[in-house]
Protein chains: 2
Amino acid sequence: MDIATPATPDRRPHDEPRERILLAAGREFAERGYEAATVRDICAAAGVNVAAVNYYVGDKHRLYIESVKHAHESRVRQVPLPEWDSSVPAERRLHDFVDNMLERMLGLAQPPWQVRLMMREVLQPTEACRELVEDYIRPHFAILVAILDDLAGGRLTQPELRRVALSIIGQCFLYRAAGDVVGMLVPPAELETLHTPPRLAEHVTRYALAALGRVPPLAGAGMDVSSQDVVA
Amino acid sequence: MDIATPATPDRRPHDEPRERILLAAGREFAERGYEAATVRDICAAAGVNVAAVNYYVGDKHRLYIESVKHAHESRVRQVPLPEWDSSVPAERRLHDFVDNMLERMLGLAQPPWQVRLMMREVLQPTEACRELVEDYIRPHFAILVAILDDLAGGRLTQPELRRVALSIIGQCFLYRAAGDVVGMLVPPAELETLHTPPRLAEHVTRYALAALGRVPPLAGAGMDVSSQDVVA
DNA sequence: AGTTGATTGAAACAAGCGTTTGAAATGGTT
DNA sequence: AACCATTTCAAACGCTTGTTTCAATCAACT
(Lines give C-alpha, C1' and ligand atoms only; values in the text may rest on other atoms or scores of the structure.)
Protein backbone atom coordinates (compact mmCIF):
# COMPACT_ATOMS: atom_id res chain seq x y z
CA MET A 1 0.00 0.00 0.00
CA ASP A 2 2.86 2.35 0.75
CA ILE A 3 4.36 4.13 -2.24
CA ALA A 4 7.48 2.38 -3.43
CA THR A 5 10.59 4.49 -3.76
CA PRO A 6 13.10 3.55 -6.47
CA ALA A 7 15.20 1.10 -4.58
CA THR A 8 18.09 3.12 -3.19
CA PRO A 9 16.25 6.30 -2.28
CA ASP A 10 19.31 8.55 -1.83
CA ARG A 11 20.47 8.68 -5.42
CA ARG A 12 21.45 6.60 -8.41
CA PRO A 13 23.48 7.70 -11.43
CA HIS A 14 20.45 7.85 -13.72
CA ASP A 15 16.88 7.57 -12.53
CA GLU A 16 16.22 6.79 -16.13
CA PRO A 17 12.78 5.15 -16.11
CA ARG A 18 11.36 7.66 -13.65
CA GLU A 19 12.71 10.50 -15.76
CA ARG A 20 11.23 9.02 -18.91
CA ILE A 21 7.85 8.59 -17.25
CA LEU A 22 7.81 12.19 -15.99
CA LEU A 23 8.72 13.56 -19.40
CA ALA A 24 6.11 11.51 -21.22
CA ALA A 25 3.54 12.41 -18.59
CA GLY A 26 4.25 16.11 -18.96
CA ARG A 27 3.84 15.91 -22.71
CA GLU A 28 0.61 13.97 -22.44
CA PHE A 29 -0.93 16.07 -19.65
CA ALA A 30 -0.02 19.27 -21.48
CA GLU A 31 -1.59 18.14 -24.71
CA ARG A 32 -4.72 16.38 -23.51
CA GLY A 33 -5.34 17.59 -19.98
CA TYR A 34 -5.40 15.62 -16.77
CA GLU A 35 -8.55 13.57 -17.30
CA ALA A 36 -8.07 12.85 -20.97
CA ALA A 37 -4.48 11.73 -20.60
CA THR A 38 -4.27 8.03 -19.81
CA VAL A 39 -1.67 6.21 -17.79
CA ARG A 40 -1.49 3.59 -20.49
CA ASP A 41 -0.59 6.10 -23.20
CA ILE A 42 1.98 7.76 -20.97
CA CYS A 43 3.64 4.46 -20.18
CA ALA A 44 3.59 3.44 -23.82
CA ALA A 45 5.27 6.71 -24.79
CA ALA A 46 7.80 6.27 -22.03
CA GLY A 47 8.42 2.68 -23.05
CA VAL A 48 7.63 1.23 -19.65
CA ASN A 49 5.03 -1.05 -18.20
CA VAL A 50 1.87 0.41 -16.69
CA ALA A 51 2.93 -0.91 -13.31
CA ALA A 52 5.98 1.36 -13.39
CA VAL A 53 3.94 4.46 -12.57
CA ASN A 54 2.75 2.75 -9.43
CA TYR A 55 6.25 1.61 -8.63
CA TYR A 56 8.06 4.90 -9.24
CA VAL A 57 5.51 7.60 -8.53
CA GLY A 58 2.47 6.16 -6.83
CA ASP A 59 -0.69 7.01 -8.71
CA LYS A 60 -1.95 9.22 -11.52
CA HIS A 61 -2.57 12.24 -9.34
CA ARG A 62 0.93 12.25 -7.91
CA LEU A 63 2.27 11.61 -11.40
CA TYR A 64 0.64 14.85 -12.55
CA ILE A 65 2.07 16.94 -9.73
CA GLU A 66 5.54 15.46 -10.17
CA SER A 67 5.49 16.06 -13.92
CA VAL A 68 4.48 19.72 -13.43
CA LYS A 69 7.27 20.25 -10.95
CA HIS A 70 9.73 18.48 -13.20
CA ALA A 71 8.81 20.64 -16.20
CA HIS A 72 8.99 23.73 -14.05
CA GLU A 73 12.44 22.88 -12.71
CA SER A 74 13.96 22.09 -16.06
CA ARG A 75 12.52 25.34 -17.40
CA VAL A 76 14.00 27.45 -14.64
CA ARG A 77 17.32 25.77 -15.35
CA GLN A 78 17.22 26.49 -19.06
CA VAL A 79 15.76 30.00 -19.28
CA PRO A 80 17.20 31.94 -16.36
CA LEU A 81 16.16 35.43 -15.41
CA PRO A 82 18.13 38.10 -17.25
CA GLU A 83 20.62 39.99 -15.11
CA TRP A 84 21.71 43.50 -15.82
CA ASP A 85 24.65 45.67 -14.98
CA SER A 86 23.62 48.56 -12.78
CA SER A 87 24.40 50.98 -15.59
CA VAL A 88 21.85 49.52 -17.99
CA PRO A 89 19.01 52.02 -18.49
CA ALA A 90 15.51 51.06 -17.44
CA GLU A 91 14.22 51.25 -21.03
CA ARG A 92 16.59 48.52 -22.10
CA ARG A 93 15.84 46.46 -19.02
CA LEU A 94 12.14 46.59 -19.84
CA HIS A 95 12.81 45.58 -23.41
CA ASP A 96 15.01 42.69 -22.35
CA PHE A 97 12.46 41.57 -19.79
CA VAL A 98 9.60 41.52 -22.30
CA ASP A 99 11.77 39.89 -24.92
CA ASN A 100 12.80 37.22 -22.44
CA MET A 101 9.22 36.56 -21.38
CA LEU A 102 8.00 36.27 -24.97
CA GLU A 103 10.92 34.10 -25.95
CA ARG A 104 10.14 31.84 -23.03
CA MET A 105 6.45 31.69 -23.93
CA LEU A 106 6.58 31.54 -27.70
CA GLY A 107 10.16 30.78 -28.64
CA LEU A 108 11.32 27.54 -30.13
CA ALA A 109 14.10 27.29 -27.57
CA GLN A 110 12.14 24.81 -25.53
CA PRO A 111 9.60 22.07 -26.19
CA PRO A 112 6.24 23.81 -26.30
CA TRP A 113 4.49 21.34 -24.03
CA GLN A 114 6.32 22.64 -20.98
CA VAL A 115 4.71 26.04 -21.36
CA ARG A 116 1.38 24.49 -22.21
CA LEU A 117 1.49 22.48 -19.03
CA MET A 118 2.06 25.58 -16.92
CA MET A 119 -0.53 27.48 -18.94
CA ARG A 120 -3.05 24.89 -17.88
CA GLU A 121 -2.17 25.46 -14.27
CA VAL A 122 -2.56 29.20 -14.67
CA LEU A 123 -5.91 28.88 -16.34
CA GLN A 124 -7.38 26.35 -13.97
CA PRO A 125 -5.21 26.13 -10.90
CA THR A 126 -4.67 22.90 -9.03
CA GLU A 127 -2.39 22.15 -6.10
CA ALA A 128 0.71 22.67 -8.19
CA CYS A 129 -0.25 26.25 -8.98
CA ARG A 130 0.51 28.04 -5.72
CA GLU A 131 4.01 26.60 -5.75
CA LEU A 132 4.40 27.72 -9.35
CA VAL A 133 3.38 31.27 -8.52
CA GLU A 134 5.64 31.62 -5.52
CA ASP A 135 8.71 30.05 -7.10
CA TYR A 136 8.44 31.33 -10.61
CA ILE A 137 5.85 33.96 -11.37
CA ARG A 138 6.05 36.27 -8.36
CA PRO A 139 9.81 36.89 -8.62
CA HIS A 140 9.41 37.79 -12.27
CA PHE A 141 6.50 40.05 -11.44
CA ALA A 142 8.50 41.84 -8.76
CA ILE A 143 11.35 42.51 -11.16
CA LEU A 144 8.99 43.93 -13.75
CA VAL A 145 7.36 46.21 -11.18
CA ALA A 146 10.81 47.43 -10.10
CA ILE A 147 11.76 48.27 -13.67
CA LEU A 148 8.51 50.16 -14.17
CA ASP A 149 9.08 52.02 -10.91
CA ASP A 150 12.43 53.19 -12.26
CA LEU A 151 10.82 54.24 -15.51
CA ALA A 152 8.05 56.16 -13.77
CA GLY A 153 10.58 57.86 -11.56
CA GLY A 154 8.44 57.38 -8.46
CA ARG A 155 5.47 59.13 -10.00
CA LEU A 156 3.25 56.04 -9.91
CA THR A 157 1.92 54.28 -6.84
CA GLN A 158 2.48 50.57 -6.25
CA PRO A 159 -1.09 49.68 -7.31
CA GLU A 160 -0.63 51.72 -10.47
CA LEU A 161 2.68 50.01 -11.18
CA ARG A 162 1.10 46.61 -10.66
CA ARG A 163 -1.64 47.40 -13.14
CA VAL A 164 0.87 48.53 -15.75
CA ALA A 165 2.85 45.36 -15.14
CA LEU A 166 -0.28 43.27 -15.61
CA SER A 167 -0.99 45.16 -18.81
CA ILE A 168 2.39 44.14 -20.17
CA ILE A 169 2.04 40.54 -19.04
CA GLY A 170 -1.46 40.39 -20.46
CA GLN A 171 -0.22 41.19 -23.92
CA CYS A 172 2.38 38.43 -23.84
CA PHE A 173 -0.13 36.07 -22.30
CA LEU A 174 -2.61 36.58 -25.11
CA TYR A 175 -0.21 35.49 -27.79
CA ARG A 176 0.55 32.28 -25.97
CA ALA A 177 -2.83 31.36 -24.56
CA ALA A 178 -5.02 32.49 -27.43
CA GLY A 179 -2.49 32.05 -30.19
CA ASP A 180 -4.86 30.04 -32.34
CA VAL A 181 -7.53 32.72 -32.30
CA VAL A 182 -4.98 35.45 -32.93
CA GLY A 183 -3.92 33.42 -35.93
CA MET A 184 -7.47 33.59 -37.26
CA LEU A 185 -7.70 37.36 -36.83
CA VAL A 186 -4.39 38.32 -38.40
CA PRO A 187 -3.45 37.68 -42.04
CA PRO A 188 -1.02 34.75 -42.36
CA ALA A 189 1.71 36.81 -43.97
CA GLU A 190 1.58 39.30 -41.12
CA LEU A 191 1.75 36.47 -38.63
CA GLU A 192 5.01 35.16 -39.96
CA THR A 193 6.79 38.46 -40.30
CA LEU A 194 5.51 40.53 -37.39
CA HIS A 195 4.32 38.08 -34.76
CA THR A 196 7.70 36.75 -33.80
CA PRO A 197 8.98 37.12 -30.23
CA PRO A 198 11.48 39.91 -31.04
CA ARG A 199 8.98 41.95 -33.07
CA LEU A 200 6.26 41.56 -30.49
CA ALA A 201 8.68 42.45 -27.72
CA GLU A 202 9.50 45.63 -29.56
CA HIS A 203 5.83 46.51 -29.91
CA VAL A 204 4.91 45.75 -26.30
CA THR A 205 7.91 47.68 -25.02
CA ARG A 206 7.31 50.71 -27.18
CA TYR A 207 3.64 50.64 -26.27
CA ALA A 208 4.52 50.72 -22.57
CA LEU A 209 7.24 53.35 -22.93
CA ALA A 210 4.92 55.57 -24.93
CA ALA A 211 2.20 55.22 -22.31
CA LEU A 212 4.71 56.16 -19.64
CA GLY A 213 5.98 59.10 -21.66
CA ARG A 214 9.52 57.78 -22.15
CA VAL A 215 9.27 57.74 -25.93
CA PRO A 216 7.04 59.77 -28.28
CA PRO A 217 3.49 58.47 -28.72
CA LEU A 218 2.89 55.71 -31.26
CA ALA A 219 0.69 58.01 -33.34
CA GLY A 220 2.18 61.33 -32.38
CA ALA A 221 0.97 64.40 -34.26
CA GLY A 222 2.79 64.18 -37.56
CA MET A 223 5.62 62.28 -35.94
CA ASP A 224 6.75 59.00 -37.46
CA VAL A 225 8.09 56.63 -34.85
CA SER A 226 7.67 53.36 -36.66
CA SER A 227 11.26 53.14 -37.79
CA GLN A 228 12.68 54.39 -34.55
CA ASP A 229 14.47 51.93 -32.27
CA VAL A 230 12.95 51.41 -28.91
CA VAL A 231 16.14 51.53 -26.91
CA ALA A 232 18.81 54.19 -26.88
CA MET B 1 -29.20 4.44 -35.46
CA ASP B 2 -30.38 7.77 -36.83
CA ILE B 3 -30.41 10.63 -34.34
CA ALA B 4 -33.87 11.23 -32.97
CA THR B 5 -35.24 14.71 -33.30
CA PRO B 6 -37.68 15.93 -30.67
CA ALA B 7 -40.87 14.65 -32.18
CA THR B 8 -42.23 17.52 -34.24
CA PRO B 9 -39.00 18.91 -35.65
CA ASP B 10 -40.33 22.27 -36.84
CA ARG B 11 -41.09 23.83 -33.45
CA ARG B 12 -42.89 23.30 -30.19
CA PRO B 13 -43.85 25.92 -27.61
CA HIS B 14 -41.24 24.82 -25.06
CA ASP B 15 -38.36 22.52 -25.84
CA GLU B 16 -38.01 22.37 -22.11
CA PRO B 17 -36.00 19.17 -21.53
CA ARG B 18 -33.63 19.89 -24.38
CA GLU B 19 -33.07 23.40 -23.06
CA ARG B 20 -32.41 22.08 -19.55
CA ILE B 21 -29.92 19.54 -20.88
CA LEU B 22 -28.03 22.16 -22.91
CA LEU B 23 -27.82 24.52 -19.94
CA ALA B 24 -26.61 21.84 -17.54
CA ALA B 25 -24.15 20.59 -20.16
CA GLY B 26 -22.71 24.07 -20.66
CA ARG B 27 -22.21 24.50 -16.94
CA GLU B 28 -20.57 21.12 -16.57
CA PHE B 29 -18.34 21.37 -19.66
CA ALA B 30 -17.24 24.86 -18.64
CA GLU B 31 -16.31 23.79 -15.15
CA ARG B 32 -14.75 20.39 -15.74
CA GLY B 33 -13.80 20.27 -19.42
CA TYR B 34 -15.05 17.93 -22.09
CA GLU B 35 -13.47 14.69 -20.93
CA ALA B 36 -14.00 15.16 -17.22
CA ALA B 37 -17.64 16.13 -17.55
CA THR B 38 -19.88 13.07 -17.52
CA VAL B 39 -23.17 12.59 -19.25
CA ARG B 40 -24.55 11.13 -16.05
CA ASP B 41 -23.75 14.27 -14.03
CA ILE B 42 -25.16 16.51 -16.72
CA CYS B 43 -28.40 14.57 -16.84
CA ALA B 44 -28.65 14.50 -13.07
CA ALA B 45 -28.22 18.28 -12.97
CA ALA B 46 -30.80 18.69 -15.69
CA GLY B 47 -33.18 16.35 -13.93
CA VAL B 48 -33.56 13.98 -16.86
CA ASN B 49 -32.70 10.41 -17.61
CA VAL B 50 -29.35 9.55 -19.20
CA ALA B 51 -31.18 8.32 -22.28
CA ALA B 52 -32.52 11.83 -22.88
CA VAL B 53 -29.20 13.07 -24.28
CA ASN B 54 -29.35 10.34 -26.89
CA TYR B 55 -32.97 11.14 -27.61
CA TYR B 56 -32.67 14.92 -27.86
CA VAL B 57 -29.12 15.58 -29.00
CA GLY B 58 -27.47 12.40 -30.14
CA ASP B 59 -24.24 11.76 -28.32
CA LYS B 60 -21.78 13.49 -25.99
CA HIS B 61 -19.78 15.12 -28.74
CA ARG B 62 -22.80 16.72 -30.35
CA LEU B 63 -24.01 17.69 -26.90
CA TYR B 64 -20.82 19.68 -26.38
CA ILE B 65 -21.08 21.55 -29.66
CA GLU B 66 -24.76 22.31 -29.14
CA SER B 67 -24.14 23.61 -25.62
CA VAL B 68 -21.36 25.92 -26.83
CA LYS B 69 -23.58 27.31 -29.55
CA HIS B 70 -26.44 27.71 -27.11
CA ALA B 71 -24.27 29.62 -24.62
CA HIS B 72 -22.91 31.76 -27.42
CA GLU B 73 -26.34 32.63 -28.75
CA SER B 74 -27.82 33.57 -25.40
CA ARG B 75 -24.75 35.71 -24.73
CA VAL B 76 -25.05 37.62 -27.98
CA ARG B 77 -28.68 38.21 -27.14
CA GLN B 78 -27.94 39.57 -23.69
CA VAL B 79 -24.80 41.66 -24.15
CA PRO B 80 -25.15 43.40 -27.50
CA LEU B 81 -22.44 45.44 -29.11
CA PRO B 82 -22.55 49.08 -28.04
CA GLU B 83 -23.73 51.51 -30.70
CA TRP B 84 -22.66 55.11 -30.83
CA ASP B 85 -24.00 58.28 -32.32
CA SER B 86 -21.69 59.57 -35.03
CA SER B 87 -20.84 62.58 -32.87
CA VAL B 88 -19.34 60.52 -30.04
CA PRO B 89 -15.56 61.12 -29.91
CA ALA B 90 -13.23 58.18 -30.51
CA GLU B 91 -11.82 58.41 -26.98
CA ARG B 92 -15.23 57.74 -25.49
CA ARG B 93 -15.92 54.97 -28.00
CA LEU B 94 -12.69 53.25 -26.98
CA HIS B 95 -13.57 53.58 -23.32
CA ASP B 96 -17.05 52.21 -23.88
CA PHE B 97 -15.72 49.35 -25.95
CA VAL B 98 -13.19 48.29 -23.33
CA ASP B 99 -15.72 48.72 -20.55
CA ASN B 100 -18.20 46.59 -22.46
CA MET B 101 -15.64 43.88 -23.10
CA LEU B 102 -14.53 43.75 -19.47
CA GLU B 103 -18.10 43.80 -18.22
CA ARG B 104 -18.87 40.91 -20.53
CA MET B 105 -15.82 38.97 -19.38
CA LEU B 106 -15.74 39.75 -15.69
CA GLY B 107 -19.08 41.30 -14.84
CA LEU B 108 -21.73 39.67 -12.74
CA ALA B 109 -24.33 40.38 -15.37
CA GLN B 110 -24.12 36.86 -16.69
CA PRO B 111 -23.48 33.40 -15.27
CA PRO B 112 -19.71 32.99 -15.30
CA TRP B 113 -19.73 29.56 -16.87
CA GLN B 114 -20.77 30.93 -20.24
CA VAL B 115 -17.55 32.90 -20.52
CA ARG B 116 -15.55 30.00 -19.15
CA LEU B 117 -16.95 27.74 -21.82
CA MET B 118 -15.90 30.11 -24.58
CA MET B 119 -12.55 30.66 -22.89
CA ARG B 120 -11.93 26.95 -23.20
CA GLU B 121 -12.63 27.12 -26.90
CA VAL B 122 -10.24 30.02 -27.29
CA LEU B 123 -7.50 28.30 -25.38
CA GLN B 124 -7.79 24.93 -27.03
CA PRO B 125 -9.95 25.27 -30.12
CA THR B 126 -12.28 22.53 -31.26
CA GLU B 127 -14.80 22.55 -34.09
CA ALA B 128 -16.97 25.12 -32.36
CA CYS B 129 -14.15 27.67 -32.33
CA ARG B 130 -14.06 28.83 -35.94
CA GLU B 131 -17.76 29.57 -35.80
CA LEU B 132 -17.23 31.46 -32.58
CA VAL B 133 -14.49 33.60 -34.10
CA GLU B 134 -16.40 34.47 -37.23
CA ASP B 135 -19.72 35.23 -35.57
CA TYR B 136 -18.56 36.87 -32.41
CA ILE B 137 -14.90 37.75 -32.06
CA ARG B 138 -14.03 39.07 -35.51
CA PRO B 139 -16.80 41.69 -35.64
CA HIS B 140 -15.75 42.98 -32.25
CA PHE B 141 -12.14 43.05 -33.37
CA ALA B 142 -13.02 45.01 -36.50
CA ILE B 143 -14.86 47.62 -34.48
CA LEU B 144 -11.93 48.05 -32.12
CA VAL B 145 -9.51 48.44 -35.02
CA ALA B 146 -11.79 51.08 -36.56
CA ILE B 147 -11.87 53.04 -33.31
CA LEU B 148 -8.09 52.91 -33.05
CA ASP B 149 -7.78 54.01 -36.66
CA ASP B 150 -9.86 57.08 -35.82
CA LEU B 151 -7.70 57.77 -32.77
CA ALA B 152 -4.47 57.43 -34.71
CA GLY B 153 -5.81 59.72 -37.42
CA GLY B 154 -4.49 57.48 -40.16
CA ARG B 155 -0.94 57.60 -38.86
CA LEU B 156 -0.79 53.86 -38.13
CA THR B 157 -0.84 51.03 -40.65
CA GLN B 158 -3.36 48.21 -40.44
CA PRO B 159 -0.81 45.77 -38.98
CA GLU B 160 0.13 48.36 -36.37
CA LEU B 161 -3.51 48.96 -35.54
CA ARG B 162 -4.09 45.23 -35.19
CA ARG B 163 -1.19 44.91 -32.78
CA VAL B 164 -2.51 47.75 -30.65
CA ALA B 165 -5.93 46.14 -30.69
CA LEU B 166 -4.42 42.84 -29.57
CA SER B 167 -2.59 44.67 -26.81
CA ILE B 168 -5.88 46.00 -25.49
CA ILE B 169 -7.63 42.66 -25.77
CA GLY B 170 -4.69 40.92 -24.14
CA GLN B 171 -5.05 43.00 -21.02
CA CYS B 172 -8.74 42.18 -20.67
CA PHE B 173 -8.03 38.56 -21.49
CA LEU B 174 -5.49 38.22 -18.71
CA TYR B 175 -7.92 39.24 -16.01
CA ARG B 176 -10.41 36.65 -17.15
CA ALA B 177 -8.20 33.75 -18.11
CA ALA B 178 -5.57 34.11 -15.41
CA GLY B 179 -7.77 35.71 -12.79
CA ASP B 180 -6.73 33.27 -10.10
CA VAL B 181 -3.03 33.97 -10.54
CA VAL B 182 -3.65 37.72 -10.68
CA GLY B 183 -5.45 37.30 -7.39
CA MET B 184 -2.31 35.79 -5.91
CA LEU B 185 -0.08 38.63 -7.13
CA VAL B 186 -2.22 41.55 -6.03
CA PRO B 187 -3.12 42.35 -2.40
CA PRO B 188 -6.72 41.37 -1.63
CA ALA B 189 -7.77 44.88 -0.68
CA GLU B 190 -6.48 46.20 -4.00
CA LEU B 191 -8.32 43.46 -5.82
CA GLU B 192 -11.69 44.47 -4.43
CA THR B 193 -11.34 48.19 -4.95
CA LEU B 194 -9.33 48.52 -8.14
CA HIS B 195 -9.85 45.32 -10.07
CA THR B 196 -13.46 45.91 -10.95
CA PRO B 197 -14.55 46.12 -14.58
CA PRO B 198 -15.06 49.93 -14.59
CA ARG B 199 -11.73 50.64 -12.88
CA LEU B 200 -9.83 48.27 -15.13
CA ALA B 201 -11.55 49.72 -18.18
CA GLU B 202 -10.38 53.14 -17.12
CA HIS B 203 -6.81 51.92 -16.75
CA VAL B 204 -6.70 50.03 -20.03
CA THR B 205 -8.23 52.94 -21.90
CA ARG B 206 -5.94 55.54 -20.40
CA TYR B 207 -2.96 53.27 -21.05
CA ALA B 208 -3.91 53.02 -24.72
CA LEU B 209 -4.71 56.70 -25.12
CA ALA B 210 -1.42 57.68 -23.51
CA ALA B 211 0.47 55.33 -25.81
CA LEU B 212 -1.29 56.88 -28.78
CA GLY B 213 -0.61 60.39 -27.52
CA ARG B 214 -4.25 61.36 -27.00
CA VAL B 215 -3.82 62.03 -23.30
CA PRO B 216 -0.71 62.96 -21.29
CA PRO B 217 1.60 60.04 -20.36
CA LEU B 218 0.76 58.03 -17.23
CA ALA B 219 3.97 59.15 -15.58
CA GLY B 220 4.44 62.46 -17.31
CA ALA B 221 7.20 64.71 -16.02
CA GLY B 222 5.74 66.27 -12.92
CA MET B 223 2.27 65.90 -14.29
CA ASP B 224 -0.38 64.22 -12.17
CA VAL B 225 -2.94 62.47 -14.30
CA SER B 226 -4.25 59.98 -11.78
CA SER B 227 -7.31 62.04 -10.87
CA GLN B 228 -8.03 63.10 -14.41
CA ASP B 229 -10.99 61.55 -16.20
CA VAL B 230 -10.20 59.59 -19.28
CA VAL B 231 -12.93 60.97 -21.45
CA ALA B 232 -13.74 64.58 -22.24
C1' DA C 1 27.27 -20.66 -8.54
C1' DG C 2 23.88 -19.07 -5.28
C1' DT C 3 21.36 -15.81 -2.84
C1' DT C 4 19.09 -11.57 -2.28
C1' DG C 5 16.71 -7.46 -3.25
C1' DA C 6 15.40 -4.34 -6.95
C1' DT C 7 12.96 -4.00 -11.20
C1' DT C 8 9.93 -5.41 -15.01
C1' DG C 9 6.03 -7.68 -17.27
C1' DA C 10 1.52 -9.81 -18.64
C1' DA C 11 -2.72 -10.40 -16.89
C1' DA C 12 -6.55 -9.39 -14.18
C1' DC C 13 -9.46 -6.35 -11.08
C1' DA C 14 -13.17 -3.24 -9.86
C1' DA C 15 -15.18 0.98 -11.14
C1' DG C 16 -16.78 4.33 -14.18
C1' DC C 17 -17.67 5.75 -18.71
C1' DG C 18 -20.92 6.61 -23.05
C1' DT C 19 -24.40 4.37 -25.15
C1' DT C 20 -28.41 1.29 -26.12
C1' DT C 21 -32.40 -1.22 -25.17
C1' DG C 22 -37.25 -2.29 -24.59
C1' DA C 23 -40.91 -1.61 -21.81
C1' DA C 24 -43.75 1.74 -19.12
C1' DA C 25 -45.89 6.20 -18.92
C1' DT C 26 -47.95 10.18 -21.12
C1' DG C 27 -51.25 13.00 -23.59
C1' DG C 28 -53.85 14.18 -27.38
C1' DT C 29 -57.17 12.32 -31.15
C1' DT C 30 -60.60 9.40 -32.83
C1' DA D 1 -62.64 3.84 -24.26
C1' DA D 2 -59.24 2.61 -27.44
C1' DC D 3 -55.61 3.95 -30.18
C1' DC D 4 -51.37 6.15 -31.40
C1' DA D 5 -46.98 8.53 -31.59
C1' DT D 6 -44.19 10.79 -28.31
C1' DT D 7 -41.56 10.93 -24.28
C1' DT D 8 -39.50 8.85 -20.03
C1' DC D 9 -37.31 5.39 -17.29
C1' DA D 10 -34.51 1.58 -15.11
C1' DA D 11 -31.44 -1.65 -16.41
C1' DA D 12 -27.89 -3.46 -18.89
C1' DC D 13 -24.11 -3.61 -22.53
C1' DG D 14 -19.46 -3.16 -24.03
C1' DC D 15 -15.49 -0.72 -23.36
C1' DT D 16 -11.77 1.93 -21.18
C1' DT D 17 -9.97 3.60 -17.19
C1' DG D 18 -6.60 3.52 -12.91
C1' DT D 19 -4.76 0.26 -10.10
C1' DT D 20 -3.02 -4.20 -8.34
C1' DT D 21 -1.18 -8.74 -8.43
C1' DC D 22 2.41 -12.03 -8.59
C1' DA D 23 5.63 -14.47 -11.16
C1' DA D 24 9.72 -13.66 -14.17
C1' DT D 25 13.95 -11.23 -14.85
C1' DC D 26 17.93 -8.69 -13.68
C1' DA D 27 22.25 -7.09 -11.13
C1' DA D 28 25.23 -7.22 -7.47
C1' DC D 29 27.53 -9.34 -3.77
C1' DT D 30 29.15 -13.56 -0.98
query: When segment B:169-208 is examined, which residues are found to be closer than 20 Å to B:Phe141 by Cβ and more than 9 Å from chain A (Cβ to nearest Cβ)?
result: B:Arg176, B:Pro197, B:Ala201, B:Thr205
task: Tell me, please, whether a residue that is over 12 Å from the mean Cα position of the chain (by Cα) and within 7 Å of another protein chain (Cβ to nearest Cβ) can be found in segment A:108-120.
output: no
- prompt: So B:Arg40 fits all but one of (1) within 16 Å of DNA strand D (Cβ to nearest atom); (2) surrounded by 18 or more Cβ atoms within 10 Å (Cβ to Cβ); (3) not aromatic (Phe, Trp, Tyr); what number is the exception?
  reply: (2)
- prompt: Can you find a residue in segment B:148-163 that is aliphatic (A, V, I, L, M), within 9 Å of chain A (Cβ to nearest Cβ), part of a helix (DSSP H, G or I) and without any contact (Cβ under 8 Å) to a residue 12 or more places away in the chain?
  reply: no
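For the condition away from every other protein chain (no Cβ under 14 Å), more than 13 Å from DNA strand D (Cβ to nearest atom) and either closer than 30 Å to A:Val204 by Cα or acidic (Asp, Glu) (or both), what is the one hit in A:Asp85, A:Asp135?
Details: A:Asp135 fails: away from every other protein chain (no Cβ under 14 Å).
Being away from every other protein chain (no Cβ under 14 Å), more than 13 Å from DNA strand D (Cβ to nearest atom) and either closer than 30 Å to A:Val204 by Cα or acidic (Asp, Glu) (or both) holds for just one of A:Asp85, A:Asp135, which is A:Asp85.
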- request: Mind checking which helices (runs of 4 or more DSSP H) fall wholly inside segment A:28-141 and carry at least 1 residues that are more than 16 Å from DNA strand C (Cβ to nearest atom) and at pLDDT 95 or above?
  value: A:60-78, A:90-106
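Among what's in segment A:53-62 and is more than 7 Å from DNA strand D (Cβ to nearest atom) and of a type outside the set (Phe, Trp, Tyr), pick the residue that is nearest to the other protein chains (Cβ to nearest Cβ). Write out each step before concluding.
We begin by selecting, within segment A:53-62, every residue more than 7 Å from DNA strand D (Cβ to nearest atom); these are A:55-58, A:62.
Cutting the leftovers down to of a type outside the set (Phe, Trp, Tyr) gives us A:57-58, A:62.
Values: A:Val57: 21, A:Gly58: 21, A:Arg62: 18 Å.
Across segment A:53-62, the extreme among qualifying residues is A:Arg62.
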Condition check for A:Glu16: free of Cβ contacts under 8 Å to residues at least 60 places away in the same chain, away from chain B (no Cβ under 14 Å) and near DNA strand C (Cβ under 10 Å from one of its atoms): yes
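The values are calculated or read from the model by the stated rules, or taken from the named source; none is laboratory data. All values reported here derive from a predicted model rather than from experimental measurement. Using ideal geometry, Cβ is built from the backbone for each residue, glycine included, and neighbour counts are taken over all protein chains shown.
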